[in-house]
Each structure stands twice: as C-alpha cells, then as structure tokens.
Amino acid sequence: MRDESGAVIRLEDYRPTDYLIDRAELDIRLDRHATRILAKLHLRANPAGRPAVPLVLDGDELRLVSLAIDDVPAAPEAFEASPERLVIHAPPAQPFTLTIETEIDPTANTKLMGLYRSGSAYCTQCEAEGFRRITYFLDRPDVLSVFTTRIEADRDEAPVLLGNGNPVAAGDAGGGRHFAIWHDPFPKPCYLFAIVGGRLDKVADRFTTMSGRAVEVAVYVEPGKAEDATYALDALKRSMAWDERVFGREYDLDVFNVVAVSDFNMGAMENKGLNIFNDKYVLASAETATDADYANIEAIIAHEYFHNWTGNRITCRDWFQLCLKEGLTVFRDQEFSADERSRAVKRIADVRVLRAQQFAEDSGPLAHPVRPRQYREINNFYTATVYEKGAEVIRMLRTLIGDDAFRRGMDLYFDRYDGTAATIEEFVACFAEASGRDLGHFAQWYEQAGTPTVNARGHYDAEAKTYRLALTQVTPPTPGQPEKAPQVIPIRLGLVGGSGTEIALSPAATAGHMPGVFVLDGPSATLTFTNVPEKPVPSLLRGFSAPVRLEIDLEEDELLVLFRYDSDAFNQWQSAQTVATRAILRAVGAGTPPAPDRRMADALRHFLSMRAGSDPAFAAQVLALPTEADIAREIGHDVDPDAVHRARQLVKVELGAALAAELAELYSQLSSREPYVPDAAGAGRRALRNACLDLFAAGRPAEGEELAMRQFRDADNMTDRFAALGVLSHLPGAARETALAEFSERFRNNALVLDKWFSLQAMIPEPETLERLRGLMRHPAFSMGNPNRVRSLIGSFAMANLTQFNRADGAGYDFVADMVLALDARNPQVAARLLTAFRTWKMLEPRRRAEAEKALRRVAGTPGLSPDVADISGRSLS
Ligand SMILES: [Zn+2]
C-alpha cells in the first residue's frame, strides 16, 4: 500500500520536475517469482525546475537490489530507499546516470498493475502509475524519455518477447534463455511503457502507409486462438487507413503489435507500438461473439490505435488533463465507427451509453468536471465523465466552429504540440486560433460538472406567422460546485410542419452561428422565426448536439409528427423514446396498467411498415423501450425500482400484444439462410429480428418462449443464440433453466462466452437472483482473481439489475459491499470500480436509501482499505 494514501493532489499545485530523464535503458530478466530489472537512467537537471535539490523517484512495493551513480556503486549515505521511493540526496550537477537494480515477483502481483502474469504470459500495465512497480522512476506523464529495452527469458517459457518501438536485436542468452532488444525512438512518458513475454500465436499482415512505408502489423493471442484474431487485425488496418484519410495521421514505427491477455483491469492499453488488450476485445468468431462484440472490438482496436497521435505523440502534462487524450480519442473512435457503420445508429448507441453512465454519475455524489481539479486516487478518474462527456465536448466544439475550422485546429494541435505533454488550454487555443473565435466561455465545459437542463417553450402567432421559442438553462449543484454558471450549448434545430415539411429557418434566428445551430450561452434566450406558414413542431437538439437534458412542452401528437417526419434520425428515435417514457411514467404513477395507447402502437406499426426493410438497425433502436435506469433518472428522486420495473413491463406487454401480428411477420421475414457475416447490414437485420422476438415474447409469452427456444437451438451464430437466451432469461420456468444448462455445457471451455452466461443470470429481475449468484460464484469457471469474471457476474448484478441490487431489504447492497471488501486486498482498482454501483443511491426512496447508506458506511469504516476504495466510499457518502 502506498503511504501517501489520502493525500489530495491538486491541479493548481502543478510544477515541473526538478530533473529530466532523457534516456532509459532497461534490462529485464523475466522470472516467475524473481524478475530482475536493471534500469540505466540518463538524467539531468530540468532548466524549468529548482536547482540542486534532492532527486526523488517514485516506487510502489519495490525492493532495491543495487544502485550506482555514474557507474560507481552509491554509498549508503548518498541515498535512501523504501518500497515507495528512492531519494538521492545530492545528485551530480552535470548530466549523470543512475543504474538501479530492482527485483519483483510478477506471480504475486494480483493488482495487475506493473509487470504481472496473465495465464502463462508476462505482461505489463503501467497507466496510470504502474511503472513505479517495475523500477524507481519519475512516474508522471510530463517526463518524456527514449526507451531501449532488453528482455530476457527462458526460451521455452516465453518464445515471444515484445517491447515498445522497433525490434533491433535478438539472440541466445545461454542456459536455455534468449533475449530481444527493442528501441522506441519516440520520447514517451513511462505510463506508455510495455513488454510482453510468453508462448503466443499470431496473425500478421502488412500495412502500407500514405507515404509508402511498410508496417508489419500483428495480433498475438494464446496458442490455438489465432483464427479468432483475424477480425481485430482487419479492424486495425481499417483504423490505420481511416486516420490517414480523415485526420491526415500516419503511423510512425516499422511494427505495430496487439497482444490479447485474459487478466486485465481495463479494456485495453495504448502502449507505444505494443497495445495490450483484454482478450474480450480481440477474440471473435461467429460461434462465440455477438454483433455487439464485433462492434466493440472494432471500436476499441481503433481507439487504442488512434491514441498513437492523441495520447502518445502528444501526451498529457499531468493526469488532470486525462480528457485531453481520452475525450478526444473517444470522439475519434466514435467517428470511425459512424463511418464504418450507420452514423445515426451509432449516435443513438453512444447517447444511450452517455445517459446510462455519465448522466448517472453527473447527478450523484461522484459527479466531477471533465477536467477534475483534485484527486486522491487517479485510477478512480477513468470515468464516463472524462471519456464520454469529454468526447461530447469535442463534438460540441466541432458543431460550434464547423468541420473545416475543426480540422484546421486539429492540424495546428498536431503541428504545434507533437512530442510534448500538453494541456487543455493549449488544445482549446488551437481551435480558437483556427476559427478566429473566443472559446473562453466554451472551455467552461471542462471545469463545471453537472448535466444542464434546457427548457424550451414555443408559441406560434398565426396572424403574424411568427414562431417564438423561449429557451432557458439551469445546471444543478454538484459536490464542491454549489453555484453554476450558464454553459455554451449548441442546439441544432429545425421546424417541422404538421404534414412533415421542413420549414425554412429565417436566417436572423440563428445569425452568427453555423447553419441550423443556435447557441444558448446565457441563462435564457428567445428566438423568433418569421414567415412560418403553419404551427410548427420544433425539433431541438438534433443529433444530440449537446450533453444536456431537454424539457419541452410537446403534445403526444406533436412528438408523433417528429417520429414520423423529422429529417433528423436521432430526434425521430428520441421522440419515440419520449412517448414510451411518458407511457411508463404514467404507469408508475397509476400503479395499474395505463389505458391502452393506440396512437403509440399505430405509430410504431406504420413506422415498421415503412422503415423496417430499408433501415433495420435503426428500427431495432426504435423498438427498444427506454431502460429502467432511464425511467429512474427521469423520475429523479425517491425512486422505487420495483415500481419502475412493473410499469415498464406493463407497457412492454401491452405494446407486444398490440403489435404481435406485425412482429411475428417481420420476425419470419428477417429469418435468413445466409451464412453469418459480422457486417453492419447483417447485424442490423439480426438486431431488428431479435428486437421483434423480445417484444413479441413480452406480449405473447407462451408463443414467444417456443419461438425463442427454437432460435436458441437452431442458431448458427452467437448473436441469435444469445439474444434468444436473453428473451428466455426473462421468462421464469423450465425452458429457461434448460436453455441456460445447454448453453453452459456447449461453451464450458470458453471463458469469454461463459462471462455472457454469468452476466445474463445476474441481470434476472427476480428475488431468487441473489441466491443464483451465490451459486454461480462456486462455478468452476468463476474466479475472483479475473476482472472479466468479476465484472460479468458481480458487476452486471450491481450495475444492471436495478430491482435486485436495490432490494428493499438491503441484501443486494450487502452482497456487493462484501464483494468489494473481499476484492480490495487483491485488486483495489476492480473493487473501487464495483463500488461505483452505489453512485445513484441518493435518488432512491427513503428505505432503500437508508439500506444503501448503511452498506456504504460499513465499507468506509473497514480498516486497511485501499486508497481506491476509501476514496469512492468517502465521496459516495459526502
Ligand atoms: Zn483511451
């Protein structure tokens, strides 16, 4: 445990280091329990730092074996070494070298930070502060060094040895051992350092860059799994081509390697030239991966690759600037997926994630700005706010200044800051310069937490043919920010006539902004549109042009006009969601089935007849009702999750029954005899077919169960098989248990597929689920040591089973609290992440709130907590 636990790090305390490390030469001798690291660091005083002060290097659970200064063994009084730091009292005034030998036990490293073993391989994870678990270093992102790494291992145990940069030498080291030397010419912070050693298979290819250089690209996986990595390799090559085409960014090394490992805290890591991935985001075959898995693999491969420029070539000055690389890179991967697939469907999917994760975070005790100003444990700030809201800020920036100025700003940023560690201010200044606009107020999005609510009220004057739209905004208080200032909110908008015509906007209404975009930058504003021939329906926040909640006084008929005619696909979908949300909220209020809503069923029926054939992926999004969490967020306070669940189910049953004939017909039309291909078109057809099955089964459970069982058994791909199992999992009875048993038998040797099976059962909204969960923890495939297993079983329960995690008797909270405490000693990062399931506890009804608080207090009061869990429990209770 680090002894500085509890210390608050603040942005305003930033100062440059007193020393720089220009070069780092590492010699790593891999051994299961006693890996030796010899690090020769070339240091000099930093002209920007303080002169002649002691040198303090970071460590974490390290053991120093030997130390030399300028190749002379250091006298004991010259330094002080503890597991947490190495202090050189009086370093030489001239540039000097430090040769540090440390020894670590990779097998005992259950935190999966630093150098550890996953299966039979050695691998590393250094972001954010894992490198200090390998050797003493200035472990912060603004210290950029050129790394040369020699890796040595038993040839039998680790025939493959990979490092950052390009391979420069390899050979025999005697005694059954061999070595490889890697050199990375690009200076980088140590969080981007990586090595891998192990027995691995690969798929490889060659990519020719825009300037004609050949790059060897490869994906390494456990032996026997190479076939399942071909999709990831293909996604990588497409990402490389896209970044050249869209951002003019070319790859810069001779090789690019991706390695999949099974024990990994995060999704993947962008180490320079050597990305290390959670195998969940690499391995895929028709038999084992769903369409969603394929889409995730594509997106995450792209994301980590895009970091080569946004993160690696230009890195962050300090961890407060994390969104500089993450928000921007999420935006880039979202754009890539939008180009590769359906833009509208991708946008809807991204907004669903944003609302589910980030809006939830932003409205609770863990709310923080996109760029936080302080932290206790940086690992806890890899959040939806930094990533997803950070991406929305970039998207708004582009909406504000337009595509051309945005691209010029990006080019300027790459030109000016290549090879440096930059800040948000420096980034934003590039766009201000490229667009000639003052972005000072806009930059407040990085500083102010909380989700603004925009309220819109419209009035049509038939005589004057004018339409007035009054807009106001308010952002609720968040921890540490009681007072909020108005944000700069780009609202993309249009006016739709009753018969579906798009009414031309009078130019004065949005003067000074990009076409079709009004920018609300004060507490309120009124827009007046002239020459409006009929009472229009306003279509606001098209494409979800800002991460805000929109309140608008539209009648149901007006929403249905947008659903039917809006030229903006996002708002078409949104209006259908709003109609459904209102129906569910009415049912929550009444506690009984609402009066059957003909209009909604009729509108859906019409929509399916018009659009199901031409745009099935979009139609599938329309058929998916808002989630229980969406409804809970809409209610906002004193939420009873059981009432939400019942109400949503009532509406779903009613809709499924009303549309049963159409759904059954569409389902059979979409049945395909074509072999499975994981492309967007096929995925769209499967998504709609499975959405039909799901809604049909709600309305006609007996027939639905039969249909689902048939699909479950006959499917030739995981998408259809798992969707059918998902439908069955919501229908209590023998068929469900039979299908679950058949599924686990069929995939008993595939851990990633069993994760799906764990997760599905953890999400069953029935009181018996907690017992089922306890039973599954004894399943031979389950392990508390593997983050994927923990997330799929316990994480799915905590994060995605609203009724059972939030049981009125508090048993769900107690279970998750127990799991957090059990995990904490082994892997604090995963434990802390699990604890964030409590982030919405304050919006529950009083009884559950009390139970949740009790469980949180129990966690917070446990002695010896990691800084990670202490931080989350403390903030959750504040
Ligand atoms: Zn990233």
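Where a number appears in this text, it was derived from the coordinates with a stated rule and is not lab data. Model, not experiment: these values are computed from the prediction. Glycine also receives a Cβ, built like all others from the backbone with ideal geometry; neighbour counts cover every protein chain displayed.
Some values worked out for this structure:
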quantity	calculated
Gained length - VAL8 relative to ASP679, 0.36 nm times residue gap less alpha-carbon distance	236.8 nm
0 to 90° range, to nearest 10: angle between helix 322-340 axis and the chain longest Cα axis	50 degrees
Alpha carbon centroid spacing (whole Å) that separates segment 105-159 from segment 1-63	14 Å
Full-extension gain in nm, ARG36 to GLU433, via 0.36 nm per residue minus C-alpha separation	138.0 nm
Isotropically averaged projected area of segment 257-415, using the convex hull of Cα atoms (one quarter of hull area), nm²	10.6 nm²
The chain - charge dipole about Cα centre, Lys and Arg +1 at Cβ, Asp and Glu -1, debye rounded to 20	900 debye
For segment 495-568, convex hull of alpha carbons as volume per residue, Å³	108 Å³
Cβ-defined net charge surrounding HIS441, 12 Å radius [Lys, Arg +1; Asp, Glu -1]	-2
Lys, Arg +1 and Asp, Glu -1 on Cβ, resulting dipole of segment 227-286 about Cα centre, debye, nearest 20	180 debye
Cα-projected label distance for LYS854 with GLN374, points at 7 Å along beta-carbon direction, nm	3.3 nm
Reachable aspartates and glutamates, given that their alpha-carbon falls under 13 Å from the alpha-carbon of LYS854 and they are not under 8 places away in the same chain	ASP809, ASP814, ASP818
Relative contact order [Cα under 8 Å, 6+ residues apart], segment 122-280, whole percent	22 percent
Degrees, to the nearest 10: 660-670 long Cα axis against longest axis of the chain	50 degrees
Average Cα contact separation per residue, the chain, under 8 Å, 6 or more apart, as relative contact order %	8 percent
Cα gyration tensor shape of segment 695-844, rounded if a/c is under 1.5, else prolate or oblate by comparing a/b with b/c	oblate
Subset of LYS389/LYS484; LYS111/LYS842; LYS389/LYS652; LYS325/LYS842; LYS225/LYS389 violating a 28 Å alpha-carbon distance limit	LYS111/LYS842; LYS389/LYS652; LYS325/LYS842; LYS225/LYS389
All lysines inside 25 Å of LYS535 as judged from Cα atoms, apart from same-chain residues fewer than 8 positions distant	LYS465
All-pairs alpha carbon distance profile, the chain, 10 Å steps from 0, percent	2, 12, 21, 25, 21, 12, 5, 2, 0, 0
For THR17, net neighbour charge (Lys/Arg +1, Asp/Glu -1) across residues whose Cβ lies under 10 Å away	+1
Stretchable slack from THR107 to ALA734, in nm (0.36 nm times residue separation minus alpha-carbon distance)	221.4 nm
Isotropic mean projected area of the C-alpha convex hull, segment 172-310 (nm²)	9.6 nm²
Rel. contact order, % - alpha carbon contacts under 8 angstrom, at least six apart, segment 263-377	19 percent
Dipole magnitude of segment 141-296, debye to nearest 20 (Cβ charges: Lys/Arg +1, Asp/Glu -1, about Cα centre)	420 debye
Kirkwood hydrodynamic radius of segment 1-153, Cα pairs, Å	16.1 Å
Helix-only mean residue ellipticity at 222 nm for the chain, each DSSP H run of n ≥ 4 adding -39500 (n - 2.57), per residue, nearest 500	-12000 deg cm²/dmol
Cβ-derived FRET efficiency at R0 51 Å, ARG457 paired with ALA808, nearest 0.05	0.85
Between helix 556-565 and the chain: long-axis angle, C-alpha atoms, 0 to 90°, nearest 10	70 degrees
Stokes-Einstein D (µm²/s) once Rh is taken as the Kirkwood radius of segment 643-724 over alpha-carbon pairs, at 20 °C in 1.002 mPa s	163 µm²/s
